[in-house]
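Quick notes on the structure that follows.
The values are calculated or read from the model by the stated rules, or taken from the named source; none is laboratory data. On a predicted model such as this, the values are computed, not experimentally measured, just so you know. We place every Cβ from the backbone using ideal geometry, glycine too, and count neighbours over all the protein chains shown. Quick note on the areas: whole protein, heavy atoms, side chains included, nothing else; ligands and nucleic acids left out. Shrake-Rupley method; radii C 1.70, N 1.55, O 1.52, S 1.80 Å.
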Amino acid sequence: MKKLTAVCALALALTMALSPAAHAAEWADPAQVCYPSSVTQNEDGTEIRKFYDLSPEDDPTGIPRSDFEQDGYHYTLVDLLKQELPEHESRQHTETVTLESKNKDMASVLALLPQEKEFITDDGLSGTLTLRLDTVQVDVSGYGSSTRQVSATRSYPNLAGQDTQYIPKTIQDGGRTLTLQDVNWQTDNTGSLDGYALGDRYTAVATYTGSATSSYVKGYTVSADYTGTVSRIALNKTRYVAIFEGTPLQPVEPAADTANTAASAFHWAYVLVPLGVIAAAGGGIGIALFLKRRGELAEDGNGNE
């Protein structure tokens with residue numbers, strides 16, 4: 001009986017030892033995730049560089065290395081560089097600024113451009129940059145148009161009657177075609193020639209109207225360069241540069257069968273680990289029963305003798 005108790009205790013201890021070991025990988029704490037201090041991307045989107053400035057207490061294993069998708073590209077880590085930052089880093093830097101102006105005269109433009117500006121580069125260097133006057137450019141940013149009404153008058157004297165057939169229906173004025181809009185009739189003094197009455201004569205004062213369209217500048221775009229030295233002090237940090245290479249995403253293929261997807265995503269560890277524990281426990285109990293039966297047979301043999 002004592003032998004059976006000892007064997008059962010051994011089986012129970014084995015089962016308890018297997019359970020935490022089986023789940024150790026599942027519940028292990030991940031490394032502290034690191035976040036980039038700056039990110040740069042080339043013009044065609046095929047490469048992204050993430051800069052990590054880590055202190056001595058930071059663990060570089062926390063730098064993400066997994067693939068990711070962004071702006072129509074699939075990015076894969078191709079290199080992870082380690083750079084020891086100098087105590088003081090500086091370099092020349094040029095920054096181009098662009099802004100809008102309502103006027104193009106230099107006094108108005110310079111009023112928008114301070115002589116000095118503070119800048120911080122993408123990789124964290126900062127400094128005061130100075131305006132380069134020789135780089136200031138002013139370009140028209142766009143045109144607009146406006147339409148206005150115009151009019152002109154014409155007088156047609158010594159007409160025999162108040163009839164518009166004597167009056168032109170359109171005229172040319174300043175390169176524009178104007179259309180007859182109104183007529184004001186005036187009666188001339190009655191005269192005579194060689195004793196014969198000439199009768200009443202008329203003067204027509206005609207008003208013509210039309211439209212004139214003109215264009216104007218809507219505004220100006222001002223651009224200028226600022227140059228100077230940017231720098232920073234590295235506070236005992238190490239820089240890691242994660243270089244990701246991007247490839248264009250392929251068209252999305254039809255989704256797989258839902259049942260197959262669910263089956264492939266099933267975590268078999270949740271089934272296999274308990275089964276392993278049960279099998280281990282069953283093995284221990286089987287051994288205990290075998291030893292018990294063996295003991296009973298041995299006692300029966302001694303009794304028969």
Accessible surface, 1.4 Å probe, highest first, among residues HIS88, HIS93: HIS88, HIS93
LYS218 - accessible surface, heavy atoms, 1.4 Å probe, Å² rounded to 10: 140
Accessible-area order (highest first, 1.4 angstrom probe) of the listed residues TYR143, TYR52: TYR143, TYR52
Accessible-area value, ARG154, 1.4 Å probe, nucleic acids and ligands omitted, Å²: 70
Extension reserve of the ASP134-THR94 stretch, reckoned as 0.36 nm per residue once the Cα distance is removed: 13.0 nm
Where labels lie 7 Å past Cα in the beta-carbon direction, separation of THR164 and TYR216 in nm: 3.5
Residue-count net charge about THR238 - beta-carbon cut-off 14 Å; Lys, Arg +1, Asp, Glu -1: -4
Accessible heavy-atom area order of SER155, SER55, highest first, probe of 1.4 Å: SER155, SER55
Distant-in-sequence amide H partners of SER141 (H built 1.01 Å from N, under 5 Å): GLY219, TYR220, THR221
Neighbour net charge for LYS50 - beta-carbon separation under 12 angstrom, K R +1, D E -1: -2
